[in-house]
1. Any idea which of (1) in contact with a Leu (Cβ under 7 Å, 6 or more places away or on another chain); (2) hydrophobic (A, V, I, L, M, F, W, C); (3) modelled with pLDDT under 95 is the one A:ILE194 doesn't satisfy?
2. Would region A:98-112 turn up any residue that is within 14 Å of another protein chain (Cβ to nearest Cβ) and within 16 Å of ligand 1 (Cβ to nearest atom)?
3. From A:ASP23, A:ASP12, A:ASP17, grab the single residue that is within 14 Å of chain B (Cβ to nearest Cβ), more than 10 Å from ligand 2 (Cβ to nearest atom), acidic (Asp, Glu) and in contact with a Pro (Cβ under 7 Å, 6 or more places away or on another chain).
4. Which residues, counting only those in region B:37-58, are in contact (Cβ under 8 Å) with a residue 60 or more places away in the chain and buried (at least 19 other Cβ atoms within 10 Å of the Cβ)?
5. Please determine, by comparing only the residues of region B:238-255 that are polar (S, T, N, Q) and closer than 25 Å to B:LYS294 by Cα, which one is farthest from ligand 1 (Cβ to nearest atom).
6. Kindly check whether there is at least one residue in region A:190-203 that is at the interface with another protein chain (Cβ under 7 Å from one of its Cβ atoms), in contact (Cβ under 8 Å) with a residue 60 or more places away in the chain and farther than 30 Å from B:VAL209 by Cβ.
7. Would you confirm whether any residue within region A:94-109 is free of Cβ contacts under 8 Å to residues at least 24 places away in the same chain, farther than 19 Å from A:GLY29 by Cα and among the small types (Gly, Ala, Ser)?
8. Can you pull out the residues in region B:149-208 that are in contact with a Gly (Cβ under 7 Å, 6 or more places away or on another chain) and hydroxyl-bearing (Ser, Thr, Tyr)?
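The values are calculated or read from the model by the stated rules, or taken from the named source; none is laboratory data. From a predicted model like this one, the values you see are computed outputs, not experimental measurements. Positions of Cβ are generated from backbone atoms using ideal geometry, with glycine treated the same way; all protein chains shown enter the neighbour counts.
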Amino acid sequence: MKIAVFVKHVPDVAEADLEVAADGRTLKGAGLPFEMNEWDRFALEEAVLIKDEVGGDLTAFLIGDEAAEESLRRCLAVGADRAVRLWDEALSGANPFEIAAAMRGAVGDDNYDLILCGAQSSDYGYGMGGPLLAEALGINSVALVNKMKVEGSKVLVTRELEGGWGEEVEVNLPAVISIQTGINEPRYVSILGIKKARKKPIDVLDGAGVDLSSEGGKLVVESLQAPPLGEGAEFLEGSPEEVAERCLALLKEAGGVL
Amino acid sequence: MSVWVVCEHRNGALREVTYELLAHGAALCMGAVTAVILAGPGEGEALAALINGKAERTLLVEDPSMSAFNGTAQALALASLAEGAQEPPKAILGAHSAAGMDWAPTLAGKLSCPAVTDAVALSMEGDSLTATRVVYGGKLQSKIKLGGAKMVIATIRPGSLEDEPKAASVETSIEATSVSLPSELGKRFIAWVEEAAGDVDISQADILVSVGRGIQDKENIDVAEALAEALGATVSCSRPVVDMNWLPKERQVGISGKTVKPKVYIALGISGAFQHATAMKDSAMIIAVNKDPKAPIFQIAHYGIVGDLFKVAPALTAAVRAAKG
Ligand SMILES: Cc1cc2nc3c(=O)[nH]c(=O)nc-3n(C[C@H](O)[C@H](O)[C@H](O)COP(=O)(O)OP(=O)(O)OC[C@H]3O[C@@H](n4cnc5c(N)ncnc54)[C@H](O)[C@@H]3O)c2cc1C
Ligand SMILES: Nc1ncnc2c1ncn2[C@@H]1O[C@H](COP(=O)(O)O)[C@@H](O)[C@H]1O
């Protein structure tokens, strides 16, 4: 079985102080730690598990500049047979339709039976990469999958719904499956493992041939800014002990629970 | 200008978000909303009755392929309706939900038109749709413009409507129509799957001590358990904690977990992503501990503590124990 996985390299913003670049539309990425998109870590693990189970080969794809190669090395370290990176300067700040066109371009004429993507990227959260790639390839897609099993030329998936429900769906291959977190336990990769993967080659494709002129190009990010602040919390200040005493008082008086 | 709203329903009932969509749609086109209901045979009329008065017109398609949700069938049906319409819609609105995350980008691909997902606000300026999105884990906001396109698609974050859903109150005309879909969709609904009920029902607790990724390790859950025990509280958590198998799924607060409304919700190391916040923001008192002063959780918390949960939580545990004697 020919399997592909698409991974994106994203800034880890959970604890970072974010600054908007001078253009007013993009994030100042310098100085931020970057990592593989959380959803893609689960997609990668699933791809490796499926390859181990049904056999075949796994290609990891990334649309990004050289700095993003670290995420591809992680793919090689956990079991991808080949890694492909496509980039062109014209793609910097690309919208999800342009990224999908690049994803389509990177796949080329190779016919993959199964392509895994993340359900969304943690920075912009469009959730469009998988379905748009499937449409560009003219194949099936299913979004938000938290369980899957390949059965011959079909794959049986569970799509996650709201409130603890799911739906089981049978999909014919070839297909693009967009993976939700929690589907598996992504394996731990040591720094050493990633270093070793440095010896494996990464194919670099020039994105100059990718046609970015679709209707989707009409999606333009106009501005990026801090969100308007609501009333916000009343902050309790002081040493942990002082803060704990204030909390205790609040729980008794306003909370009425002690 | 015409705006179409794709009604979301499950098991014969409209989902709450449908009313929000109708209100968003009405605001965009001054009332001329077309509600689109795609349903299984015999299901449509009852659903259409539920939106009577909230749209100018309802386009109703009943087809066996719509008896259960099938994103491919839905996208194909919407594409054929939109392309064949006498007055094609300027905008097609749907929910940013499990269903919308599947059909909306697929429809954008089929219609080759721009789409924006997970918008929290929409406005129409001249010929362009402008959408506001919340990005980077809730820390920034971006404005997206879809200009110069014949048709655009937008999905809206449930719960983002600020006022009560308001929509035109008119008699809604119902137009039954059909679409021809390929007999083989390559995708088949098999069954609904329901999460097995666990032993603990977090939605019944008066006090929740809730942990997020900031807890860093399974062993550290002890810190929350100690506080919960002192308070007589129940431990709950955000999704990554369940994804990493540090706590069972029944403890998860959020759109894909449980909705909770305790007297007190103590959030330890939770950033406050909308999928979490939307399911706990109605708690009577929210106290958040986070080392990042810009964490979005502080926007919905009543009291905030900027600090290390590993210092604050044990101090609170000690204070509660001392007070209880
Ligand atoms: C379809 C879908 C459904 C989803 N459903 C849910 C759901 O039901 N429930 C849910 O919770 N999420 C859900 N999510 C995921 C959601 O988008 C977020 O990824 C998740 O809520 C983040 O969890 P978190 O706040 O624990 O982690 P993070 O966002 O990583 O935040 C961790 C926080 O801990 C803080 N921190 C770190 N160390 C410390 C310390 N020592 N002391 C104090 N603070 C510290 C950091 O500053 C940070 O703010 C869903 C996502 C999707 C796409
Ligand atoms: N730059 C990229 N490189 C590789 N894959 C990507 C890229 N951007 C998006 N994807 C894939 O598309 C999915 C959804 O991303 P998004 O549409 O940005 O939310 C991701 O989880 C990846 O699998």
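1. Checking A:ILE194 against (1) in contact with a Leu (Cβ under 7 Å, 6 or more places away or on another chain); (2) hydrophobic (A, V, I, L, M, F, W, C); (3) modelled with pLDDT under 95, the one that fails is (1).
2. Taking every residue of region A:98-112 in turn, none turns out to be within 14 Å of another protein chain (Cβ to nearest Cβ) and within 16 Å of ligand 1 (Cβ to nearest atom).
3. Details: A:ASP23 fails: in contact with a Pro (Cβ under 7 Å, 6 or more places away or on another chain); A:ASP17 fails: in contact with a Pro (Cβ under 7 Å, 6 or more places away or on another chain).
Answer to the check: A:ASP12.
4. B:GLY44, B:ALA48, B:ILE51, B:LYS54, B:ALA55, B:GLU56, B:THR58
5. Step one: of region B:238-255, the residues polar (S, T, N, Q) are B:238, B:245, B:252.
Pick out the ones that are also closer than 25 Å to B:LYS294 by Cα and you get B:238, B:252.
On the way: B:SER238: 3, B:GLN252: 6 Å.
Top of the filtered list is B:GLN252.
6. To start, the set of residues in region A:190-203 that are at the interface with another protein chain (Cβ under 7 Å from one of its Cβ atoms) comprises none.
No, because not a single residue in region A:190-203 is at the interface with another protein chain (Cβ under 7 Å from one of its Cβ atoms), in contact (Cβ under 8 Å) with a residue 60 or more places away in the chain and farther than 30 Å from B:VAL209 by Cβ.
7. First, the residues of region A:94-109 that are free of Cβ contacts under 8 Å to residues at least 24 places away in the same chain: A:108-109.
From what is left, the residues that are farther than 19 Å from A:GLY29 by Cα are A:108-109.
Right, trim to among the small types (Gly, Ala, Ser) and you get A:108.
Taking every residue of region A:94-109 in turn, at least one turns out to be free of Cβ contacts under 8 Å to residues at least 24 places away in the same chain, farther than 19 Å from A:GLY29 by Cα and among the small types (Gly, Ala, Ser).
8. B:THR155, B:SER169, B:THR172
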